[in-house]
Amino acid sequence: MGEKTIQCGNLIGGKWEQRGANGITRLNPANVRDAVAPAPDSSAEDARRAIQAAADAFHPWRRTVPPERGKIVLRAAQLLESRLEEVAQLLTREEGKIVSESRGEVKRAIDIMEYAAGMGRRLGGQTLPTEVPNVFCFTTRQPIGPVAAISPWNFPVAIPCWKMAPALVCGNTVVCKPSPLTPATATRVVEIFEEAGLPPGVLNLVHGGAQAGSELINHPLIRGISFTGSTKVGMAIHMAAARRLAKVQLEMGGKNPQIILRDADLDSAVKSLLTAAFGATGQRCSATSRAIVERKVARQVAERLVEGTKAIRVGPGDRPEVTMGPLVDELRLRDVKGFVDRARAQGAAVVIGGCEPEGLRDGHYYAPTVVDVRPEHEIAREEVFGPVLSFIEVDDIEEALTVANTVDYGLCASIFTKDIG
């Protein structure tokens, strides 16, 4: 893995600004001595200029025919594919996930971009019957205007691409604000879109935190907001945007259950559970964080789960033998430790893990952890966003479904059984 520092900056109206500004310095979560990227902590004024650039570029861009817009996004996908390994290595260095996961994320971004590019030839409307003679009624699809794409750190290639690519093909201009934890990856992605041939101002990049984000959410020229992140922030965005009738797309938190019934293929269920709980170090809104298991097979599942968890190798994501990387930063590590410590205090039993691994003090590492809990425990109800799985025993499927549904989150779920009925 290279140790070169990436000089990040804002892209506003086709010009790169504040390259290497030291507002925020991103450290490698696997080795905090490695400074990955300095990036600007943009002001509200920086965000306003980016919004104005997007507004100025909107009308020429909307007049560009959709197939041509799609071709530019397709060229970006092809450029990203040609640099897949470079971007994957940077993603691992900056965010921490293992390289195989990073490669998979970049490939997913390419797939999404290719699909979105094809939308340029599918943006049709409808013809409709009318109640009035000699009236021809039809619909057309129109872009809404400048949009804000506010993306998180846990999938810093795929999520910006699945926000930006469809928006651009549909004729909208974009201001992208990535997480302050992944400025280098965001810079690479935007550079690739720029190189593909986007006109100045069509795609703008603003690094930073709350000041820039608040301006994007509240500015009257922003007609749509796509946000992926915490439920608390997403709710605040939704309420702010509603006051001016801006469109909002939200993807927020999860507390996702995997139900394992007595007739399930237990080996298959546990294999899935290990990947879903500990893949990406559990830092996914779609991660399985609750295993809800029928009591008759609970011991068998727990034994397989402990065996599989012991086989996970924690360490820097660029090492081929490692199967789980670090948490993204010190705050995330502290939060995860706090959840487990409070669970112990509430009477939950840590089955395996529940500590920082020995010999890995240079990064933000936490062992994959299974906690035997009751449904009312905090750790079984709130999103931990780390490699922690709550193990809950139930008597039957009715109780399993009740437990699965007694949280404030609803994102994804699975049931393992041989009885599809």
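For the chain, the average shadow cast by the Cα convex hull is 23.5 nm², which is a quarter of the hull's surface.
Count the net charge of all other residues whose Cβ sits under 12 Å from the Cβ of Ala413, scoring Lys and Arg as +1 and Asp and Glu as -1. For residues surrounding Ala413, the net value is +2.
The peptide list 381-389, 32-40, put in order of mean Cβ contacts within 10 Å with the highest first, becomes 381-389, 32-40. For Leu27, nonlocal amide neighbours, meaning residues 5 or more places apart or on other chains whose placed amide H falls under 5 Å from its own, are Val36. Relative intensity of the range 310-421 on a log10 scale, I(q)/I(0) at q = 0.14, 0.16, 0.18, 0.23 Å⁻¹, equals -0.66, -0.82, -0.97, -1.28, per a Debye sum over C-alpha point scatterers of equal strength in the absence of solvent. Restriction of the chymotrypsin sites (Phe, Trp or Tyr not before Pro) in the range 67-164 to DSSP coil positions whose beta-carbon has at most 13 other beta-carbons within 10 angstrom yields Phe136. So with the 1.4 Å probe, I'd like the accessible area per residue for the chain, rounded to whole Å². Accessible surface, normalised per residue, equals 44 Å². With both residues required to sit in the chain, DSSP beta bridges show an antiparallel share near 30%. Under a Gaussian network description of the chain, with springs only between Cα atoms under 10 Å, the residue in Leu123, Leu79, Leu203 that fluctuates furthest is Leu123. Between the range 134-166 and the range 233-253, how many Å separate their Cα centres? After rounding, the separation between the Cα centres reads 15 Å. Computed 3J(HN,Hα) for the range 414-420, one whole-Hz value per residue from the Karplus formula 6.51 cos²θ - 1.76 cosθ + 1.60 where θ = phi - 60°, is 8, 10, 9, 7, 9, 9, 5, glycine and proline marked x.
The range 311-351: D in µm²/s via Stokes-Einstein (Kirkwood Rh, Cα pairs, 4 °C, 1.567 mPa s)? Translational D for this selection: 109 µm²/s.
Any number yet on Rg/Rh for the range 66-112, C-alpha, Kirkwood? Checking Rg against Rh, the ratio lands at 1.08.
When its C-alpha radius of gyration is set against 2.2 N^0.38 Å (N residues), the range 233-334 gives a value of 1.42.
Roll a 1.4 angstrom probe over the protein heavy atoms and tell me the percent of accessible area of the range 25-114 that is carbon or sulfur. Carbon and sulfur: 52 percent of the exposed surface of the range 25-114. Database remark: amide H of Asn204 closer than 5 angstrom to the amide H of Val174, Val175, Cys176 (H placed geometrically; neighbours at sequence offset of 5 or more, or on other chains; Pro and chain starts carry no H). For the residues His207, His364, His377, a GNM of the chain with alpha-carbon springs under 10 Å puts the largest fluctuation on His377.
Taken along its principal axes, the alpha carbon cloud of the range 105-221 reaches lengths of 60, 33, 26 Å, longest axis first.
The values are calculated or read from the model by the stated rules, or taken from the named source; none is laboratory data. Not measured: the values here are computed from a predicted model. Because the Cβ atoms are built from the backbone with ideal geometry, glycine has one as well, and the counts that use them run over all protein chains shown. SASA here: full protein model, heavy atoms, side chains in, ligands and nucleic acids out. Shrake-Rupley method; radii C 1.70, N 1.55, O 1.52, S 1.80 Å.
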